[in-house]
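Visitor: Before I ask anything, here is the structure I am working with.
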Amino acid sequence: MEEIYLDFAAATPVASEVLAAMAPFWSEDFYNPSASYLAARGVRETLESARASVASVLGAKSSEVIFTAGATEANNLAIHGVMRQFPGANCVVSAIEHESVLAPANECDCRLATVATDGRIDLAKLAELIDKNTALVAVMYANNEIGTIQPLKEVAKLVTKERTARAASGNKLPIYLLTDAAQAANYLDLHVSRLGVDLMSLNGGKIYGPKQSGCLFVKTGVKLLPLISGGGQENNLRSGTENVAASVGLAKALELAQEVRASESKRLAELQNYFFSQLAKLIPDASVNGSLKHRLPNNLHITLPGQDNERLIFALDAAGIMVAAGSACSASGEESSHVLTAIGLGDASARASLRLTMGRTTTKAQLDECLKSLCRLA
Ligand code: PLP
């Protein structure tokens, strides 16, 4: 039985090129990049080239890239790093953020910005929530459950408007825009100044790089407090001996993602259209969650009325097909997904929903097989 993996939003296999690029830094090039001898200086150089490579994909400076152990850490560094400086300030975050944004934001005075039923942020409501005490706005680039792409440039305009008003009124509180781009990096433009963001988190484990690799883009001039203090590595923002292999892996993965971005996005968008049109024919009462237009090309989030997703997941697994219910990161929770609640799905519909996410090895034949199984089971 061929195994069909349709959970690429949860994890991607490490690309062979990435593995090859990382390998020396676990063995012959194991040196601490802070040591002074020649061999260690070579490792430092490689680490700094990895940083420059990530920076070039983001259209940023090397000094603006802080390596972290994944997007959870990057989001925590961004949120706590800003908010702990301004105890009286508030942050405004979209209601469909990943838990790694919601949890640290909820430790502060946090306001949730609602989304419309298509999963896109309501810009007028967001504007109403931003006030003179807002230090941080967090809106994810693309959602991990329903794949919705947010109008980041429009959000950035709102933040710039508030910044300009503060400059005129003498309000010294800064206001920054954070975007969690963990799910976007395979498919969307990551150029930070085109997007207008001040902080952006990325994750290697979703882009065919190693898990626990990632980075935070920190625009020059944005001041953060560190979460981890010690030897002062990563510009004093993330102490601890650098994980050179992970950083090299992230850089290589990002480089490859950039190379195949256009072709993979096109290929997957065609498969996505195919899947949705077949589904409409085969299971006419099935529905698609989230915007069809502003959507990651690899995301197939569907509701099959009357079904129980847990049963479907087990039955599909038995047929060799791996899919998720809602978000894999919150799979342990019994409650309905906050994302599906935010777009207006009731508990029964949420429980009848599946998230299928495609990747580089997904084929039309695999989707046909999956559709066949869904018809048999649903
Ligand atoms: N942000 C988003 C949008 C995600 O999808 C994930 C993981 O699923 C994360 C953050 C957290 O990434 P990690 O678990 O690698 O830290």
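Visitor: Can ASN243 be described as touching a strand residue (DSSP E or B) at 6+ places or on another chain (Cβ under 9 Å), more than 15 Å from the ligand (Cβ to nearest atom) and modelled with pLDDT of 95 or more?
Guide: Values: touching a strand residue (DSSP E or B) at 6+ places or on another chain (Cβ under 9 Å): yes; more than 15 Å from the ligand (Cβ to nearest atom): no; modelled with pLDDT of 95 or more: yes.
Spelling it out, it is not the case that ASN243 is touching a strand residue (DSSP E or B) at 6+ places or on another chain (Cβ under 9 Å), more than 15 Å from the ligand (Cβ to nearest atom) and modelled with pLDDT of 95 or more.
Visitor: Mind telling me which of the residues GLU17, GLU48 ends up being away from the ligand (no atom under 16 Å from the Cβ), charged (D, E, K, R), in a helix (DSSP H, G or I) and touching a residue at least 24 places away in the same chain (Cβ under 8 Å)?
Guide: Values: GLU48 fails: touching a residue at least 24 places away in the same chain (Cβ under 8 Å).
Residue meeting the stated conditions: GLU17.
Visitor: Given the condition free of Cβ contacts under 8 Å to residues at least 40 places away in the same chain, farther than 21 Å from THR341 by Cβ, touching a helix residue (DSSP H, G or I) at 6+ places or on another chain (Cβ under 8 Å) and more than 11 Å from the ligand (Cβ to nearest atom), answer yes or no: does some residue in the stretch 75-98 qualify? Reasoning before the result, please.
Guide: Taking the stretch 75-98 as the starting set, the residues that turn out to be free of Cβ contacts under 8 Å to residues at least 40 places away in the same chain are 87.
With the extra rule that they be farther than 21 Å from THR341 by Cβ, the set shrinks to 87.
Filter again for touching a helix residue (DSSP H, G or I) at 6+ places or on another chain (Cβ under 8 Å), leaving none.
Checked against the condition, which is being free of Cβ contacts under 8 Å to residues at least 40 places away in the same chain, farther than 21 Å from THR341 by Cβ, touching a helix residue (DSSP H, G or I) at 6+ places or on another chain (Cβ under 8 Å) and more than 11 Å from the ligand (Cβ to nearest atom), the stretch 75-98 yields no hits at all.
Visitor: OK, next. Among the residues in the stretch 100-114, are any of a type in the set (Val, Ile, Thr), open to solvent by 10 Å² or more (accessible area, probe 1.4 Å), under 24 Å from GLY290 (Cα atoms) and in the same structural domain as ASP180 (by TED's automatic domain parsing)? I'd like the intermediate steps shown before the answer.
Guide: Within the stretch 100-114, the subset of a type in the set (Val, Ile, Thr) is 101, 114.
Add one more test, that the residue is open to solvent by 10 Å² or more (accessible area, probe 1.4 Å), and what stays is 114.
Add one more test, that the residue is under 24 Å from GLY290 (Cα atoms), and what stays is 114.
From what's left, in the same structural domain as ASP180 (by TED's automatic domain parsing): 114.
Within the stretch 100-114 (the criterion being of a type in the set (Val, Ile, Thr), open to solvent by 10 Å² or more (accessible area, probe 1.4 Å), under 24 Å from GLY290 (Cα atoms) and in the same structural domain as ASP180 (by TED's automatic domain parsing)), the answer is yes, since at least one residue qualifies.
Visitor: Out of LYS206, LYS223, LYS211, which single residue is within 16 Å of the ligand (Cβ to nearest atom) and surrounded by fewer than 17 Cβ atoms within 10 Å (Cβ to Cβ)? First the steps, then the outcome.
Guide: Values: LYS206 fails: surrounded by fewer than 17 Cβ atoms within 10 Å (Cβ to Cβ); LYS223 fails: within 16 Å of the ligand (Cβ to nearest atom).
From the options LYS206, LYS223, LYS211, the qualifying one is LYS211.
Visitor: Now for a different question. Out of the stretch 136-158, which residues are surrounded by fewer than 24 Cβ atoms within 10 Å (Cβ to Cβ) and more than 16 Å from the ligand (Cβ to nearest atom)?
Guide: PRO151, LYS153, GLU154, ALA156, LYS157, LEU158
Visitor: Residues being surrounded by fewer than 15 Cβ atoms within 10 Å (Cβ to Cβ) and under 20 Å from GLU73 (Cβ atoms): count how many of those fall in the stretch 240-279.
Guide: So the answer is 2.
Visitor: Can you tell me which condition ASN186 does not meet? The list is (1) polar (S, T, N, Q); (2) open to solvent by 30 Å² or more (accessible area, probe 1.4 Å); (3) within 16 Å of the ligand (Cβ to nearest atom), and all the others hold.
Guide: Failed condition: (2).
Visitor: Go through (1) under 30 Å from GLU45 (Cβ atoms); (2) outside any loop (DSSP other than H, G, I, E, B); (3) among the polar types (S, T, N, Q) one by one and return the number of the condition SER265 breaks.
Guide: (1)
Visitor: Which numbered condition in (1) open to solvent by 10 Å² or more (accessible area, probe 1.4 Å); (2) within 13 Å of the ligand (Cβ to nearest atom); (3) of a type in the set (D, E, K, R) is the only one that GLU64 fails?
Guide: For GLU64, the failing item is (2).
The values are calculated or read from the model by the stated rules, or taken from the named source; none is laboratory data. Worth saying up front: this structure is predicted, and the values here are computed from it rather than measured. Positions of Cβ are backbone-derived with ideal geometry, glycine not excepted, and every protein chain shown enters the neighbour counts. Quick note on the areas: whole protein, heavy atoms, side chains included, nothing else; ligands and nucleic acids left out. Shrake-Rupley method; radii C 1.70, N 1.55, O 1.52, S 1.80 Å.
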